[in-house]
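First, the structure itself, so that you have it in front of you.
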Amino acid sequence: LWNQLMQRLAEHAVTSIGSQLDAGAAAFQLFDSWAGNLTVDEYRQHVLPFSTFVFEQLANTHPHARGIHFGLGCDHLLELMQQAGATVIGLDWRTSIADARKRLGADTVIQGNLNPELVLGDVATAITGTDQVLADNAGNPAHIFNLGHGVQPATNPDVLAAIVHHVHERTAQ
């Protein structure tokens, strides 16, 4: 029953994401807030085949689209998430960028990983955290700066705008 449900969900994801890509989206993200609760073996058996299906199908039908794979609390699953076929691996705020690069390869594109709690405060606090993420990345161009999870409803949009401006200034070539 589990495999049948997951296969239907994976097929629906391919159809839905494919429609977005057909409409002009350049990238997509499989975002799993619960995968970190699984062991490596549970993930390998119960989730990896279906994530792989989604990435493979979309790579075949939309070869120029970039697939991002993010899971909350998934430090122990990074290699399997990469194996699923994503071109970008999203990190939550608890995962070291340096460690992820050692494990996944220096050329792997990493997305993340500012602690989303830091954007609930003032601009100075958020910028301090932003600078730490940029320092942790050590100038590697294979990095997409992002929060290490979603934006919370109480987040001040002005703080987010300040972060975007700061990242653009700090990373301009």
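How about the stretch 35-69: which of its residues are closer than 19 Å to residue 111 by Cα, in contact with a helix residue (DSSP H, G or I) (Cβ under 8 Å, 6 or more places away or on another chain) and hydrophobic (A, V, I, L, M, F, W, C)?
Once the filter is applied, which keeps residues that are closer than 19 Å to residue 111 by Cα, in contact with a helix residue (DSSP H, G or I) (Cβ under 8 Å, 6 or more places away or on another chain) and hydrophobic (A, V, I, L, M, F, W, C), the stretch 35-69 yields 35, 65.
Of all residues being surrounded by 14 or more Cβ atoms within 10 Å (Cβ to Cβ) and over 14 Å from residue 93 (Cα atoms) in the stretch 123-141, which is modelled with the lowest pLDDT? Just the residue, please.
140
Residue-by-condition table, conditions (1) within 17 Å of residue 147 (Cα to Cα); (2) within 13 Å of the chain's Cα centre (by Cα); (3) hydroxyl-bearing (Ser, Thr, Tyr):
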{"residue": "71", "(1), (2), (3)": "yes, yes, no"}
{"residue": "75", "(1), (2), (3)": "yes, yes, no"}
{"residue": "80", "(1), (2), (3)": "no, no, no"}
{"residue": "88", "(1), (2), (3)": "yes, yes, no"}
{"residue": "93", "(1), (2), (3)": "yes, yes, no"}
{"residue": "97", "(1), (2), (3)": "yes, yes, no"}
{"residue": "104", "(1), (2), (3)": "no, no, no"}
{"residue": "116", "(1), (2), (3)": "yes, no, no"}
{"residue": "119", "(1), (2), (3)": "yes, no, no"}
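Something else: Determine which single condition residue 102 fails, assuming it passes every other condition in (1) at pLDDT 95 or above; (2) out of contact with any Phe, Trp or Tyr (no Cβ under 6 Å at 6 or more places or on another chain).
Going through (1) at pLDDT 95 or above; (2) out of contact with any Phe, Trp or Tyr (no Cβ under 6 Å at 6 or more places or on another chain) one by one, residue 102 breaks only (1).
Looking at the stretch 16-72 only, could you name the residues that are of a type in the set (A, V, I, L, M, F, W, C) and farther than 16 Å from residue 85 by Cα?
21, 23, 25, 26, 34, 35, 38, 40, 72
Might you let me know whether the stretch 147-154 holds any residue that is within 18 Å of residue 69 (Cβ to Cβ), in contact with a strand residue (DSSP E or B) (Cβ under 7 Å, 6 or more places away or on another chain) and in contact (Cβ under 8 Å) with a residue 12 or more places away in the chain? Please lay out each step first, then the result.
First, pick out the residues of the stretch 147-154 that are within 18 Å of residue 69 (Cβ to Cβ): 147-150.
Of the ones still in play, those that are also in contact with a strand residue (DSSP E or B) (Cβ under 7 Å, 6 or more places away or on another chain) are 147-148.
Then drop every residue that is not in contact (Cβ under 8 Å) with a residue 12 or more places away in the chain, which leaves 147-148.
Yes.
Can I ask one more? Among the hydrophobic types (A, V, I, L, M, F, W, C), in contact with a helix residue (DSSP H, G or I) (Cβ under 9 Å, 6 or more places away or on another chain) and surrounded by fewer than 14 Cβ atoms within 10 Å (Cβ to Cβ), is that true of residue 84?
Answer is no for this residue.
The values are calculated or read from the model by the stated rules, or taken from the named source; none is laboratory data. Just so you know, these numbers come straight off a predicted model, no measurement behind them. Glycine gets a Cβ as well: all are built from the backbone with ideal geometry, and neighbour counts include every protein chain shown.
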